[in-house]
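Single-structure report; data block below.
The values are calculated or read from the model by the stated rules, or taken from the named source; none is laboratory data. This one's a predicted model, so the numbers in the text were calculated from it and none came from an experiment. As a convention, Cβ positions derive from the backbone with ideal geometry for all residues, glycine included, and neighbour counts pool all protein chains shown. Just the protein is used for accessible areas: all its heavy atoms, side chains included, with ligands, DNA and RNA removed. Shrake-Rupley method; radii C 1.70, N 1.55, O 1.52, S 1.80 Å.
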Amino acid sequence: METREKSPVEGQELKDHIIEFCEAQGADLVGFAPAERWDDAGEVPPDFRPRALWLPARTVIVMGVEMPLPVVETTPSVLHMEIYRTANRKLDTLAYDLTRYLNRMGHASFFFGRDVYASLKALRDAPMAAFSHVMAAKYAGLGTIGLSHCLLTPEFGPRVRFVSVFTSAVISPDPLVGKDLCIKCGLCCQCCPKKALAMREDRVVGEYDKMACLEMAEDLTKRGCYPCGICTKVCPIGKDRMLYKQKGIQKKYLKEAEALAANPDDPAYKSWTHVRKYGLTKGKGAPVSKTRQEEKKEEA
Ligand code: SF4
Ligand code: SF4
């Protein structure tokens, strides 16, 4: 009897399979963007678009994982750094697994890893990633870019990290979020310790001094508690604030630096400062935390 090769699953059925797979593996958010959205929008330079990186790409699937608010509130801390690294590892695993899942189903796929840079020095030399997951998440309908240059989502505000899988399969796209989620409250600018962000009158996305932000990352790396993330901590957007009953605490964030300068043991901030006190490398010239290359060597 003649046997026929099974055709790959396509259309809505394929989309449903992918969503089910991603959620079962632990993704909190999943969105679908057609590769043409990069060309239609024209915001991303041509060499940084999906089809320039991998020609067969027709759809980009973006997955997001939450950075839990109470952990982010302890930043800068070793605890925050550990969650940040865990989120990155989780995202790389999710992307790797989804790529292989799609390949097994007959849809050639490729993924762009989470933090594809060797060290902060590499970022200083060329302060741009080869592919922006933030722009991919925007084009996949997961949120809008705020004043802070972070992607704000209805679910977690900016307290979420993303990874992207490119596939040759054509999958129906998710609609873009139509209305800006950023309310231009300015809290991210006011609380930034390096004054790296500034509001603009003519648009939502603010001015961003990448080098000032990088300087903060370098300082924190020396102390072993990279990254900063204060702009993600203070942003009032996100349903996660309801879950954690942390709505309307802008004043607490605004006064934090001043209050702790006056009294490092201020009881209002005790739970955060306690976490920050331990596990850090103290003083200048102290050993820096591991670079991604060193981590990769250890993992190999
Ligand atoms: S803190 Fe305020 S201004 Fe900054 S991104 Fe969030 S909503 Fe926008
Ligand atoms: S990460 Fe820190 S230094 Fe960089 S923009 Fe946000 S608050 Fe400022």
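What to note about this one:
- Within segment 11-61, GluC sites (Glu not before Pro) in DSSP loop having at most 16 other beta-carbon neighbours inside 10 Å: E43
- Judged by the ratio a/c of the largest to the smallest principal axis of the C-alpha gyration tensor, segment 149-234 counts as oblate, that ratio being 1.5 or greater while a/b is no larger than b/c.
- Applying both filters, DSSP loop and at most 15 other Cβ atoms within 10 Å, to the GluC sites (Glu not before Pro) of segment 109-218 gives E201.
- Cysteines in the chain lacking a second Cys C-beta under 4.7 Å: C22, C150, C182, C185, C189, C191, C192, C213, C225, C228, C235
- Ellipticity estimate at 222 nm from DSSP helix runs (n ≥ 4, -39,500 (n - 2.57)) divided over the chain, nearest 500: -12000 deg cm²/dmol
- Prolate/oblate/rounded label for segment 196-269 (Cα gyration tensor, a/c 1.5): oblate
- Within a Gaussian network of the chain (alpha carbon springs, distance under 10 Å), most fluctuating of Q25, Q250, Q12: Q12
- With all protein chains kept in place, the per residue accessible area of the chain amounts to 52 square angstrom at a probe of 1.4 angstrom.
- Share of carbon and sulfur in the accessible heavy-atom surface of the chain [1.4 Å probe, %]: 56 percent
- Gyration tensor verdict on segment 1-68 (Cα atoms; rounded if a/c is under 1.5, prolate if a/b is larger than b/c, oblate otherwise): oblate
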